[in-house]
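First the structure, in the form of structure tokens, and then the observations on it.
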Amino acid sequence: MSLRFASLGSGSKGNGTLVASGGHCLLVDCGFTIKETERRMARLGVSPADLSAILVTHEHSDHLSGVAPLARKYKLPVYLTPGTLRARDIGVLPEVHLIEGHQPFAVADIQVTPVAVPHDAREAAQFVFRCRGSSLGLLTDLGTVTPHVESHFGACDALVLEANHDPRMLAQGPYPPSLKRRVGGAYGHLSNQQAAGFLERVGAEQLQYLVVAHISEKNNTLELAREALAEAADSVANCLFACQQRGFDWLQVEPD
Ligand SMILES: [Zn+2]
Ligand SMILES: [Zn+2]
């Protein structure tokens, strides 16, 4: 069984990504209420009762707010870094697995490599998933693509990649100056151009899927993201844009 993945929603109002192989399904982040999570999962033909675990990238509420309630209701193990666990009062979790920023681990037959990213969180990690010859990278919520990030995410078969903002829209947009600096800074979020630059450097030809994600509703438009990523989109087999409301439907990564 190769990897499949889908999204409950992507953006600053809530995130959740499903990664599945065979009978196992992981939820990466949960920024939705229990009810909303159940509703969005049902849309994708699954229930939280089907989950093997929840993995958390960092403590920002668009990724964390729904984790503890869901874990408690469905008695799910939660994987997160010590920094993420301690960054906030998450509340009681039924089963905690602390992960290290560089130490791969496995959940069922899915190999998970956490990758430290520069983001304004205590100990943020993004993930590369591997299963029987196919690999999937989830890469959002980072201000800079470091060589470390590039070496881990540069050769995936499928990639969910942040293109958060258009720098001009951010500069002219409604955010207060401090938030503009935060979002556009080295520990904020990737712009359309940073995402495009990363793909240009590592090459996108090997990608079966490129899913552009965490697109700001205030500081970006689909057209601007599409325009900036046009060259990369042309060279990948499939390019999609994740949506805040609907995420994206199941995609299957074939072994290479
Ligand atoms: Zn986020
Ligand atoms: Zn964040």
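The single condition from (1) surrounded by 15 or more Cβ atoms within 10 Å (Cβ to Cβ); (2) at pLDDT below 95 that LEU27 fails is (2). For segment 97-155, the set of residues classified as hydroxyl-bearing (Ser, Thr, Tyr), within 15 Å of ligand 2 (Cβ to nearest atom) and touching a strand residue (DSSP E or B) at 6+ places or on another chain (Cβ under 7 Å) consists of THR140 only. Out of the residues in segment 161-201 that are among the hydroxyl-bearing types (Ser, Thr, Tyr) and within 16 Å of ligand 1 (Cβ to nearest atom), which is nearest to GLY247 (Cα to Cα)? Here the residue is SER191. Of note, ARG4 satisfies the criterion of being modelled with pLDDT of 95 or more and either small (Gly, Ala, Ser) or open to solvent by 10 Å² or more (accessible area, probe 1.4 Å) (or both).
Applying the criterion of being away from ligand 1 (no atom under 16 Å from the Cβ) and part of a loop (DSSP other than H, G, I, E, B) to the residues of segment 7-24, the residue that is least open to solvent (accessible area, probe 1.4 Å) is GLY22.
Taking the conditions exactly as written (at positive phi and either acidic (Asp, Glu) or open to solvent by less than 70 Å² (accessible area, probe 1.4 Å) (or both)), does GLY83 satisfy them or not? No; evaluated as a whole, the condition is false for this residue. The numbered conditions (1) under 18 Å from the mean Cα position of the chain (by Cα); (2) without any contact (Cβ under 8 Å) to a residue 12 or more places away in the chain are all true for ALA125 except (2).
Summed over segment 110-128, the residues that are open to solvent by less than 50 Å² (accessible area, probe 1.4 Å) and either touching a Phe, Trp or Tyr at 6+ places or on another chain (Cβ under 8 Å) or of a type in the set (S, T, N, Q) (or both) give a count of 9.
Within segment 139-159, the residues that satisfy the criterion of being of a type in the set (A, V, I, L, M, F, W, C) and open to solvent by 10 Å² or more (accessible area, probe 1.4 Å) are VAL145, ALA155. Of note, LEU199 satisfies the criterion of being closer than 15 Å to LEU138 by Cα and out of contact with any strand residue (DSSP E or B) (no Cβ under 7 Å at 6 or more places or on another chain).
Inside segment 43-66, residues that are open to solvent by 10 Å² or more (accessible area, probe 1.4 Å) and within 16 Å of ligand 1 (Cβ to nearest atom) make up a count of 6.
One line per residue, one yes/no per condition, for (1) surrounded by fewer than 18 Cβ atoms within 10 Å (Cβ to Cβ); (2) under 19 Å from the mean Cα position of the chain (by Cα):
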residue: GLY173; (1), (2): yes, no
residue: LEU199; (1), (2): no, yes
residue: LYS218; (1), (2): yes, no
residue: GLU223; (1), (2): yes, no
residue: ALA230; (1), (2): yes, no
residue: CYS243; (1), (2): yes, yes
residue: ARG246; (1), (2): yes, yes
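Of the residues making up segment 82-124, just one is touching a His at 6+ places or on another chain (Cβ under 9 Å), of a type in the set (S, T, N, Q) and away from ligand 1 (no atom under 16 Å from the Cβ), namely THR113.
The values are calculated or read from the model by the stated rules, or taken from the named source; none is laboratory data. Remember, predicted model here, so these are calculated numbers, not experimental data. Note that each Cβ is placed from the backbone with ideal geometry, even for glycine, and that neighbours are counted across all protein chains shown. Heads up: the accessible areas ignore ligands, DNA and RNA and are worked out on the full protein's heavy atoms, side chains in. Shrake-Rupley method; radii C 1.70, N 1.55, O 1.52, S 1.80 Å.
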